[in-house]
Structure formats: C-alpha cells, structure tokens
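Below is one structure, written out as structure tokens; the observations come after it.
Just so it is clear, none of the values below were taken in a lab; they were calculated from the coordinates. All of these numbers come straight from a predicted model, not from anything done at the bench. All Cβ positions, glycine included, derive from the backbone under ideal geometry; neighbour counts span all protein chains shown.
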Amino acid sequence: MEISMSFKAINLNDELQAGLKAANYTEMTSTQAACLPDVLSGKDVAVQAKTGSGKTLAFALGLLSKIDVLAKSPQALIMCPTRELAEQVAEQIRLVGKRMSNLKVVSLVGGMPMGPQIVSLRYGASVVVGTPGRIMDHIGKRTVSLKKVNTLVLDEADRMLDMGFEDEMRVVMHHLSQTAQAATRQTLLFSATYPEQIQKITNQYQRDAKIIKVESAEKVANIEQQAYRILNEHRTQAVAALLTHHQIESTIVFCRTRRETRELCEELYQMGFAAAGLHGDLEQSERSQVLARFTNKTVSVLVATDVAARGLDIERVDLVINHRVSEDIDTHTHRIGRTGRAEEKGLAITLIDEAEEAKLDEIAAKTDATIKKLSIQSVRFHANRIREPEFVCIAVDGGKRDKLRPGDILGALTKEAEIPGTDIGKISISARHAYIAIKARSVKRALGQFRERKIKGKRFKARKLS
C-alpha cells in the first residue's frame, strides 16, 4: 500500500520546513514516509529502495536537523559510488538547507584536483559528500577532520561494492570508528538491493539497525518492455532503426563495455544522430558536459555504460535501449528504471541474439515481467526521420564559484541581447561552468552578448558545443 503524508506532519525546524516549501516539496514519497521517523529519531537505519525513490531528501533532512552551522568541522559524511551522484547529493542538501545561514557543503570527488578541495575544507564545512577513494586520500593527507562527524551515510551501498570500493569504504569507516563520536554516531545505509555483503556491513558498522524495505512494483508497471531478435553483427543498425522508428526526444542506450559505448556513439553520430557517450574513460569535466547536454535536450541520445543506470539526476527519459542483455537482474532493473518515472509511461527495448534469449527469459521470469518479443525486420532506418534537438548548447566558462545564477544569464540574454524567452531552454550551472540550451537562430546573438558585455561585473568566455 502506498504510504503518503505531508512534510508538515513531521517534526522539523522552521528552517528546514522553509527549505522544503521553497523547493516545492509537500508530500513524502513511500521511502521518505517509511524511514524518516526513524532517521529523525537518531536510529541507525538500513533502507532498501530503488533509485529515484526520494532517499536523498530523507537522509538530507536527518543530517541537517543536527547540524550546527557555527561549527567549522564536518558533522556529516556521505559516501557515494560516483562523482555525479556525489555532486547531485551535495546540490540536494544545499537546496533543502538553503534557509540555514552559513551552511557549507563540500564535495570531495576523484577526477578533480585536490587543491581547491583542500582550500574549501580550510574555510570550514558542515557536510562532506564524496567518493570513497577521494575521501580516503584526504584522510591520508590529514586534510579533512572527521572527529566531529555525528552522521555517516552510505548512499547506493551496493553500487559502491559492485564498483570495487569495499576496501576504501572500510578504511573510511574504520577511521570513523576510532573517533570520540563513534559511540553515538548515527549510520544510515541506502541500497537498491540487500545482498549478503550489505548485511555484513550493517552488522559490523551499524548499531541495532532497523531494516526497511520499500516495495516499488508500481514503478515497473509504468514501463512497457519489448525485445527484438537480431543477428549479433546488426546491433548498430537495429539501434538506429529503433531511434528513427520511435522518434523519441530523449533516449539512453546502455552498453556493457567502454569500447562498445565509444564505438556505438561514434557510429550513431556519423549517421546523423545527436549522440554523446558517457563512460569511465572521460574526465570529470567531460562527463559533466555530456550530462548537462543530455538533460537540457541538446543531445537526444546518450550512449552509456552502466555508470548511468543509477544515481544520475536525469528527470525524464522516454526510451531505454539495451544494446545487449544485462549480465544480471539488478542491472537490468536499474537500466529500465531510467524511464517510466514520476508516473510517466516508459518504454524499454532489449536487443537479443539467439544466445541471449534464454538470459532475457530468466530475467523476465524472476522479475515477473512481460517482455514482448518482436522481429526487427518490421523496423527500418530512415535517415530523413532522425529527430534533431530543438536547441543547441552554449557552454560558459563561469559557474557557481563566480556567483552565476540561471536568472543572471536569462536576464542578460532576454533583456540586454533581446533574445526571445521562447528561444532559451534549460540553463544548468555547475561549479565552474554554465550550459545554456538555445535555439540555433539566437546562438550568434547570445555569443555576442558574452563577448561584448559583462554579467555581474565580469566578462565570461562562451562557445557553442557541437
């Protein structure tokens, strides 16, 4: 049964209630309603819930309710499996805690220079969010103090284990166990699955943890699953044919390996699709750019390894295509779970050759899913039916560190450059960059605005991304 109730019904301070109201959060999700009472009471909790169930907000409210913003040492530590998830968690905490004066949230992630992170820590941090390896590096260099941490969060714990971070996780947790706060620290664990390894972590590092499992069958019910029988050598042609057949605005194609991801992305791009790849060989700045372009709809096809299956803040994906059958049930579930969100209908298609059909049948049986099998012969690639994005992307070499806000950019483009508001799409801003979706007819005028005028007293470089 769906559990739902208002955030007003729980005991939160005025600052957090104001933050929830400003962010338009009114009703709790099933996951939030199931775990928040225990989280707010200070209990150790282990929650099994699918990605997209609202768990970030649940632990954010718990840890922020105990934060002393006047203290300079970190009081909460959150470990995440990927850089992207860590950045998104940090943004969520800043959003709900925006009414808390002097709240400082610092991200410690790999793929970024340590120098700026060390400087940020010196200025003080209330909350630290990061990946296990980089947090361990800072502990080793003694550039972060965890003596005052009263809340530890393990986010997407099963994913951290899948990615080989168990040793780093245990080093960090062992370090925390040696501090004075160890006896009273609250440890919160969130995981999409609950295998034996997760149970061992619960037993070892949590105190009498309450295990909460949140069912999410309703989410899968929104997803129509299909499979197309193909010959192995025809996978790229099949993907292209499906893209022109459905003419979807936003598609993720999942591949097993980095090499397959790179090759498929390049082939689709050469065929005329607005495609970009997301895989582990990219630098952090490149990954951020790809995600920004996909979320602002200036790239319509994201070709990705399973790093994109979980933990990424992508609001709406209309179609998921599995280039090959997933190696396990959990991966399949997380892949197709990128679509059919927020009560929207989704479509997930899996390509299978003769050797893969039995594996897909096993996944269907164990997930109680109906997967309709179709012939790819009925689907043809049509170059003239490739759906091109409505907007192109402009990248600006300035971001949150420069105090840039979406409203600053929107105002400059509409008022000073006199660009119609309908020509401007989503504006997303990271620490060092801003990405603007804009119609092609207004690109020249927008670039001229950045080249010739200042925003907030400063001139920023901008370029069109192709």
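Assorted remarks:
- Look at the alpha carbon pairs under 8 Å that are at least 6 residues apart: their mean separation over the length of the chain gives a relative contact order of 14 percent.
- Gyration tensor (alpha-carbon) shape descriptor, the stretch 217-385, a/c threshold 1.5: rounded
- Other residues with beta-carbon under 10 Å from the beta-carbon of F7 carry, at +1 per Lys or Arg and -1 per Asp or Glu, a net charge of +1.
- Cut-off 13 Å between beta-carbons: net charge of the residues surrounding R387, Lys and Arg +1, Asp and Glu -1: -2
- The count of lysine pairs in the stretch 217-385 that are at least 8 places apart or cross chains, and whose C-alpha atoms lie under 28 Å apart, stands at 13.
- Helix-only [θ]222 nm of the chain, DSSP H runs n ≥ 4, -39500 (n - 2.57) each, per residue, nearest 500: -10500 deg cm²/dmol
- Proximal aspartates and glutamates to K98, defined as alpha-carbon separation beneath 13 angstrom and excluding residues fewer than eight positions away on the same chain: D14, E15
- The magnitude of the dipole of the stretch 123-239, with charges of +1 and -1 set on the Cβ of Lys/Arg and Asp/Glu and taken from the Cα centre, is near 560 debye.
- Seen from K21, the other residues with C-beta closer than 10 Å to its C-beta sum to a net charge of +2, counting Lys and Arg as +1 and Asp and Glu as -1.
- Farthest positive-ward along the chain dipole, Cα basis, beta-carbon charges - from C80, Q237, T350: C80
- The stretch 256-313: Cα Rg divided by the 2.2 N^0.38 Å rule of thumb: 1.03
- Take 238-248, 101-111, 162-172 and order them by the average number of nearby Cβ atoms within 10 Å per residue, most first; the result is 238-248, 101-111, 162-172.
- Least to most buried among L231, L264 (fewest other Cβ within 10 Å first): L231, L264
- Dipole in debye (nearest 20) - the stretch 347-466, about Cα centre, beta carbon charges: Lys, Arg +1; Asp, Glu -1: 1280 debye
- What the Cα convex hull of the chain gives, in volume per residue, is 149 Å³.
- Cβ charges +1 (Lys, Arg) and -1 (Asp, Glu), total dipole of the stretch 217-385, debye: 380 debye
- Farthest toward the positive end of the dipole of the chain, out of A276, I321, Q181, is the Cα of Q181, where the dipole comes from beta carbon charges about the Cα centre.
- Of the peptides 349-356, 151-158, the order by per-residue mean of other Cβ atoms within 10 Å, starting with the highest, comes out as 151-158, 349-356.
- The H on the amide N of T193, modeled in the peptide plane, is under 5 Å from the matching H of D158, each at least 5 residues off or on a different chain.
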